[in-house]
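Q: My questions will all concern the structure given below.
The values are calculated or read from the model by the stated rules, or taken from the named source; none is laboratory data. Bear in mind the structure is a predicted one, so any value in this text is a computation, not a measurement. Neighbour counts run over all protein chains shown; Cβ positions are idealised from the backbone, glycine included. Quick note on the areas: whole protein, heavy atoms, side chains included, nothing else; ligands and nucleic acids left out. Shrake-Rupley method; radii C 1.70, N 1.55, O 1.52, S 1.80 Å.
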Amino acid sequence: MGLSLKNPIIVGSCNLVNDPDNLKKIEDAGGSAIVYKSLFEEQIQMERFQLQEGLDMYDERNAEMAKIFPTLQHAGPEEHLMKLRKAVEAVNIPIIASLNAVYEISWVEYAQVLAQTGVAALELNFYSTPNNFDKSAKSIEEARLSVYKEVRKAVNIPVSIKLSPFYTNTLNIVRQLDAAGAEGFVLFNRLFQPDINIDEQKHTVPWYLSEAGDYRLPLRYAGILYGNIQGSLCANTGIHNGDDAVKLLLSGADCVQVVSTLYRNKVSHISTMLRDIETWMDKNGYKSIEDFKGKLSAKLLNDPFVYERAQYVDAILHSADIMKRSNLR
């Protein structure tokens with residue numbers, strides 16, 4: 001994205017970065033950049049509605065007055081912007097703003113005010129799940145593309161796109177956004193999924209940290225996209241240690257975002273990850289990330305099956321051996 005980072009480990013958007021003390025701890029542990037917690041338009045709308053509902057509760061109960069609080073209004077994004085400005089001032093590493101809006105006009109409006117806080121870049125968090133049977137895949141993608149183009153015209157800082165993997169053809173939407181000038185892509189947005197408590201027979205919202213091995217999906221797409229687009233690639237989801245980070249770099253990612261592993265192992269774990277990466281590099285004779293980045297990408301391997309159905313085909317051809325090794329028979 002044009003940002004100069006001291007290493008490939010970025011702390012992704014999460015509640016941890018809301019604490020000013022954690023910002024400094026992240027920098028001291030070696031984090032190269034921080035994606036600040038997302039500004040969610042839906043949250044602002046909900047808070048505004050709840051405030052107005054509370055203010056209107058006692059309206060017109062007294063014949064002498066129509067409203068008790070006639071001038072009180074919700075502050076909108078101002079609290080978030082104030083905290084973001086303080087975060088930018090608190091550390092010497094890049095702070096990247098994150099935005100999740102609803103309407104195209106508000107994507108542009110909020111992007112402009114976020115860009116004015118001094119952040120180094122902006123991440124558009126395209127977090128949504130289909131709930132309309134009549135909306136086509138093409139219309140969803142066209143709306144995303146339009147939002148990006150309008151935001152890009154409105155701000156003068158780099159803009160990356162954080163995508164989910166659930167497009168009809170993820171490679172195609174990435175190519176379209178790349179052609180439109182997107183400076184970076186984050187693979188992938190971790191969508192919160194509902195669960196059901198069968199004892200209480202109600203929906204629950206479980207604490208949804210990534211698990212070991214969840215990095216395999218972004219690894220696949222980073223490996224396919226490397227060398228085929230202009231934008232930078234940032235891998236996200238299930239990157240828990242230095243070895244995981246190395247795997248994503250080998251596949252073609254420029255950097256990685258970490259969150260869940262910091263909740264499990266504390267912010268200081270960044271230092272451990274960096275030491276593990278350096279140890280691996282020394283062991284293999286690499287002096288810089290560029291020496292091995294993309295070494296195992298589809299473009300450099302010249303093997304069409306590695307990132308496609310290789311594991312599935314291999315499992316079919318050698319199913320007896322796999323069952324024997326796994327003591328399944």
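Q: Confirm whether G252 is more than 23 Å from E27 (Cα to Cα) and either touching a helix residue (DSSP H, G or I) at 6+ places or on another chain (Cβ under 7 Å) or surrounded by fewer than 21 Cβ atoms within 10 Å (Cβ to Cβ) (or both).
A: In short, yes.
Q: OK, next. Please enumerate the residues belonging to the range 19-43 that are part of a helix (DSSP H, G or I), in contact with a helix residue (DSSP H, G or I) (Cβ under 8 Å, 6 or more places away or on another chain) and either at pLDDT below 95 or of a type in the set (A, V, I, L, M, F, W, C) (or both).
A: Those that are part of a helix (DSSP H, G or I), in contact with a helix residue (DSSP H, G or I) (Cβ under 8 Å, 6 or more places away or on another chain) and either at pLDDT below 95 or of a type in the set (A, V, I, L, M, F, W, C) (or both): P20, L23, I26, A29, E41.
Q: Can you name the number of the only condition in (1) of a type in the set (D, E); (2) assigned to a helix (DSSP H, G or I); (3) open to solvent by less than 30 Å² (accessible area, probe 1.4 Å) that E79 fails?
A: (3)
Q: Select, from Y167, Y208, the only residue that is part of a loop (DSSP other than H, G, I, E, B), without any contact (Cβ under 8 Å) to a residue 24 or more places away in the chain and either open to solvent by 50 Å² or more (accessible area, probe 1.4 Å) or farther than 26 Å from P8 by Cα (or both).
A: Y208
Q: Just name the residue that is nearest to R220 (Cα to Cα) out of those in the range 148-173 that are β-branched (V, I, T) and under 17 Å from the mean Cα position of the chain (by Cα).
A: If we take residues in the range 148-173 being β-branched (V, I, T) and under 17 Å from the mean Cα position of the chain (by Cα), then T170 is nearest to R220 (Cα to Cα).
Q: Give me the pairs: first residue in the range 15-31 and charged (D, E, K, R), second residue in a helix (DSSP H, G or I), beta-carbon distance under 8 Å, and six or more apart or on different chains, which are they?
A: Sorted first by the residue in the range 15-31, then by its partner, the pairs are K24/A90.
Q: Name the single residue that is modelled with the lowest pLDDT among those in the range 99-132 being aliphatic (A, V, I, L, M) and open to solvent by 40 Å² or more (accessible area, probe 1.4 Å).
A: Out of the qualifying residues, it is V102.
Q: Can I ask one more? Please enumerate the residues belonging to the range 138-162 that are among the polar types (S, T, N, Q) and either within 18 Å of I105 (Cβ to Cβ) or open to solvent by less than 50 Å² (accessible area, probe 1.4 Å) (or both).
A: S139, S146, S160, listed by residue number.
Q: Find the residue count for the range 268-298, including only residues that are more than 22 Å from the chain's Cα centre (by Cα) and exposed (fewer than 14 other Cβ atoms within 10 Å of the Cβ).
A: 11
Q: Could I ask something else about it? Tell me which of these A182 doesn't satisfy, since it passes every other one: (1) of a type in the set (A, V, I, L, M); (2) assigned to a loop (DSSP other than H, G, I, E, B); (3) free of Cβ contacts under 8 Å to residues at least 60 places away in the same chain; (4) loosely packed, with under 13 Cβ neighbours inside 10 Å.
A: (4)
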